[in-house]
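Novice: This is the structure, below, for whatever I ask next.
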Amino acid sequence: MSHETVYAIASGKGGVGKTTTTVNLGTALADAGARVAIVDADLGMANLAGFVSLSPDSTTLHDVLAGDASIEDATYRLADDIVAVPSGTSLDEYAETSPEGLREAVEDLRSRFDYVLLDVGAGISHETVLPLGLADAVVLVSTPEPAAVHDTKKTVELTDRSGGEVAGLVLTRTRPDGDVSHEELADRLEVPLLGTIPEDPAARDSVYAGTPLVVYEPDGPAAVAYRRLAADLTGVEVPVPTDDEPGTADAAATDDATAAASEPDADADAATDEADGREAAHDDVSSAITEAESDP
């Protein structure tokens, strides 16, 4: 799937790990040297705003879609090779947006980054359906619970109606003693199973630490699964430790990503440098993901 560069990360139900999946996929790809932009495409209920230190007059995707700013103005550097484009949290700003402008914004980012990940809101509103058709492929995220899988079926239908293409299903919070096989759940949706992310206490710990799981505990089962998913989905050579070889090869990349979160990278390329001066405040990431993906 290496020809696909824009992915919509979508779910039919909230609280299944969609934003966590987006962030960790993006971080894993960036640690492997790919340039990544994460876009909060949930215009009504922004989840990624906590990734950046926003003042009341900060520029967001809302300003871009209202025609008041460029996409570069709303791009904030998170770490080496990864930036975020947050949506605003004001309902007044949301009312002034024109979702159709998202197409131009995505195409701009596509031209400057290796991968663009769209964190899509749950539901069936126009701004939710639009990214499904803009992306090269849609990654469905669900837990194995029947209600979540049922709602994911609706997202498959919406993707089809929008002219989009489903890449496959990612199941999060999986356990080895589940009642139904993961392959069977994917078969029910008539989509490929891209991967499973096992239940891992470190996932929630990483949220409260304000650090992506693949950096917080790179050798943990969920982090390893996210890196394997990133590699399988895109074809990028993402280092994935085996049982025999712990992920020591990722140590340098992890240290670099952690340092980059607090210091600008003097050697960053022009696309990433456009976001200099608008660095992420990683201590705010905790509340952003916790609110977006707390258990229903």
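The values are calculated or read from the model by the stated rules, or taken from the named source; none is laboratory data. Model, not experiment: these values are computed from the prediction. Ideal geometry is used to build each Cβ from the backbone, glycine not excepted, and the neighbour counts take in all protein chains shown.
Novice: Looking for something of a type in the set (S, T, N, Q) and over 22 Å from GLY235 (Cβ atoms) - is there at least one such residue anywhere in the stretch 183-203? Give the derivation first.
Specialist: Just the residues of the stretch 183-203 that are of a type in the set (S, T, N, Q), to begin with: 196.
From what's left, over 22 Å from GLY235 (Cβ atoms): none.
Taking every residue of the stretch 183-203 in turn, none turns out to be of a type in the set (S, T, N, Q) and over 22 Å from GLY235 (Cβ atoms).
Novice: Considering every residue within the stretch 238-250, establish whether at least one is aliphatic (A, V, I, L, M), within 14 Å of ASP81 (Cα to Cα) and at pLDDT below 50.
Specialist: The answer is no, given that none of the residues of the stretch 238-250 is aliphatic (A, V, I, L, M), within 14 Å of ASP81 (Cα to Cα) and at pLDDT below 50.
Novice: When you scan the stretch 133-216 for helices (runs of 4 or more DSSP H) that lie fully inside it, which ones turn up with 2 or more residues that are surrounded by fewer than 20 Cβ atoms within 10 Å (Cβ to Cβ), without any contact (Cβ under 8 Å) to a residue 24 or more places away in the chain and not hydrophobic (A, V, I, L, M, F, W, C)?
Specialist: In the stretch 133-216, the matching helices (runs of 4 or more DSSP H) lie at 146-161, 182-189, 201-209.
Novice: Does ALA259 satisfy the condition of being assigned to a helix (DSSP H, G or I), small (Gly, Ala, Ser), surrounded by 20 or more Cβ atoms within 10 Å (Cβ to Cβ) and at pLDDT below 50?
Specialist: On the way: assigned to a helix (DSSP H, G or I): yes; small (Gly, Ala, Ser): yes; surrounded by 20 or more Cβ atoms within 10 Å (Cβ to Cβ): no; at pLDDT below 50: yes.
No: the conditions fail for ALA259.
Novice: Go through the stretch 85-123 and count every residue that is at pLDDT 70 or above, part of a loop (DSSP other than H, G, I, E, B) and touching a Leu at 6+ places or on another chain (Cβ under 6 Å).
Specialist: Residues meeting the conditions: 2.
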